[in-house]
Amino acid sequence: MKKFLVSLVCLLIFPLNISAISAQMAVVMDLNSGRVLYELNSHDERLIASITKIMTCLITIMYSDLNKTVIVDEDVLKAYGSSVYLEVGEEIKLEDLLYGLMLRSGNDAAVAIANTVAGSMENFVYLMNEYAKTIGMKNTHFVNAHGLDVNGVGNTSSAYDMALLTKVAMQNETFKKIFGTQKYSASSNLKTYHWEGKNKLFGMYPYTTGGKTGYTEAAKRTLVTTASRDNKNLVIVTLNDGNDFNDHKSLYETYFNKYKAIKVLDKTNFKIDDNYYKDGDLYIKNDYYALVTDQEEKDLKIDIVIYKYDNVYNDIKVGEAKVMLNDTLLHKESIYIKNKNVKVQDKKESFWKKILGWFKW
């Protein structure tokens, strides 16, 4: 009996970690707010292998015309590892190469893309690192567009930074479409390709919306995936995880069940008390769901800020709705005004302004 009591006390003081995972670094992030729901050494910097290609894909979408025809040059012969097997002189649309990059993790595709978009790998890497700084990736450094490392030297990042990058990238509809594609066919002047993605989570977990795998001997297995259920949208990143797909599935189930989505902003029923723009209708363009626990729901609030302009026009931004969880900002939604005859509230004219008005011709 005493042994049982001792064991029970130990379990109460040191509860079992039923969500234990194999990763050395991990993060679960709310895609809507960027709020971290779970982390394990999430800011530690280490090699990331081919999840690098998330940045490669986004930079290409941002800086180039995807309808451009790529003429594959001899630099492609320098690529090794996973490949889509491009040939020197082959002509293929840039958009098609992005699918080969993301679904098959083609390192040869990454080389061809970098040369086409920026003229060289060095120039492309410069764009990658500058954009990383812009969005707040503080523990990230890129040296190439594919993720291969040589003698342990390669692209480095953290689980948090890669989740942040994915959050930003998923706001781009073109990226979102490519990231969520499981099969794709493309044709060049030489051959036809049929690509199937390496993200096994699509077959294991029905709520999966996207993902990118990675592996090198030094980095080990790296994985970024996204999933959505009941207006809850999450991104999970694991680094050096030998059981990554099962870990992602387990983490999604854990945090989808732990949190609920509360519709805090409703674009069809957005109403606020405002007497300044008395002849205008204030509106927002998007709904917003806040991800909270039962205990946190009572701490949600909306702060409304209205900018008081003397002159406004239709569909101009006139304020912000800030969704707060206690003192933490979860989301900012712009407030706009519509009404062609919008007028601001009459202001009291000064005595001398009235006098001057009497003498106008």
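Among residues of segment 85-119 being among the small types (Gly, Ala, Ser) and farther than 10 Å from ILE71 by Cα, the one that is surrounded by the fewest Cβ atoms within 10 Å (Cβ to Cβ) is GLY119. Scanning for something surrounded by 18 or more Cβ atoms within 10 Å (Cβ to Cβ), charged (D, E, K, R), farther than 14 Å from MET25 by Cα and in contact (Cβ under 8 Å) with a residue 40 or more places away in the chain, does segment 207-214 turn up at least one residue? Yes, segment 207-214 has at least one match.
Among the numbered conditions (1) surrounded by 14 or more Cβ atoms within 10 Å (Cβ to Cβ); (2) assigned to a loop (DSSP other than H, G, I, E, B); (3) at pLDDT 95 or above, the only one that ALA132 does not meet is (2).
Residues of segment 298-320 that are surrounded by 14 or more Cβ atoms within 10 Å (Cβ to Cβ), aliphatic (A, V, I, L, M) and under 15 Å from GLU333 (Cβ atoms): LEU300, ILE302, ILE306, VAL318. Among the candidates THR174, THR181, the residue that is touching a helix residue (DSSP H, G or I) at 6+ places or on another chain (Cβ under 8 Å), touching a residue at least 60 places away in the same chain (Cβ under 8 Å), in a loop (DSSP other than H, G, I, E, B) and surrounded by fewer than 19 Cβ atoms within 10 Å (Cβ to Cβ) is uniquely THR181.
Counting only residues that are touching a strand residue (DSSP E or B) at 6+ places or on another chain (Cβ under 9 Å) and surrounded by fewer than 22 Cβ atoms within 10 Å (Cβ to Cβ), segment 48-73 holds 5 of them. Of all residues in segment 263-282, those that are under 11 Å from ALA321 (Cβ atoms), outside any loop (DSSP other than H, G, I, E, B) and at pLDDT below 95 total 1. Across segment 295-331, what is the total count of residues that are under 16 Å from ALA261 (Cβ atoms), assigned to a loop (DSSP other than H, G, I, E, B) and in contact with a strand residue (DSSP E or B) (Cβ under 7 Å, 6 or more places away or on another chain)? Qualifying residue count for the region: 1. With respect to LYS191, determine if the residue is at pLDDT 95 or above and under 21 Å from THR56 (Cα atoms). Taking the combined requirement at face value, the residue does not satisfy it.
For every residue, the table says whether it meets (1) of a type outside the set (Gly, Ala, Ser); (2) under 20 Å from ASN155 (Cα atoms); (3) part of a helix (DSSP H, G or I); (4) assigned by TED's automatic domain parsing to the domain that holds GLY197.
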{"position": "LEU77", "(1), (2), (3), (4)": "yes, no, yes, yes"}
{"position": "TYR80", "(1), (2), (3), (4)": "yes, yes, no, yes"}
{"position": "GLU87", "(1), (2), (3), (4)": "yes, no, no, yes"}
{"position": "LEU98", "(1), (2), (3), (4)": "yes, yes, yes, yes"}
{"position": "ASP108", "(1), (2), (3), (4)": "yes, yes, yes, yes"}
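Residues considered: ASN139, ASN151. Of these, the only one that is touching a residue at least 12 places away in the same chain (Cβ under 8 Å), assigned by TED's automatic domain parsing to the domain that holds ASN189 and of a type outside the set (Asp, Glu) is ASN139. Within this structure, THR60 fails the test of being more than 18 Å from GLU130 (Cα to Cα), among the β-branched types (Val, Ile, Thr), part of a helix (DSSP H, G or I) and in contact with a helix residue (DSSP H, G or I) (Cβ under 7 Å, 6 or more places away or on another chain).
Would you point out the residue of segment 271-297, among those that are surrounded by fewer than 18 Cβ atoms within 10 Å (Cβ to Cβ) and of a type outside the set (D, E, K, R), that is nearest to the chain's Cα centre (by Cα)? Per the stated criteria, the residue is ASN286. Among residues that are among the acidic types (Asp, Glu) and in contact (Cβ under 8 Å) with a residue 60 or more places away in the chain, GLU90 is included. Scanning segment 69-89 for residues that are in contact with a Ser or Thr (Cβ under 7 Å, 6 or more places away or on another chain) and not β-branched (Val, Ile, Thr) yields a single hit, SER82. Restricting the first member to segment 258-276 and to residues that are over 28 Å from LEU37 (Cβ atoms), and the second to residues that are loosely packed, with under 15 Cβ neighbours inside 10 Å, the beta-carbon pairs closer than 6 Å and six or more apart or on different chains are ILE272/ILE304; TYR276/LYS308; TYR276/GLN345.
The values are calculated or read from the model by the stated rules, or taken from the named source; none is laboratory data. This one's a predicted model, so the numbers in the text were calculated from it and none came from an experiment. Note that each Cβ is placed from the backbone with ideal geometry, even for glycine, and that neighbours are counted across all protein chains shown.
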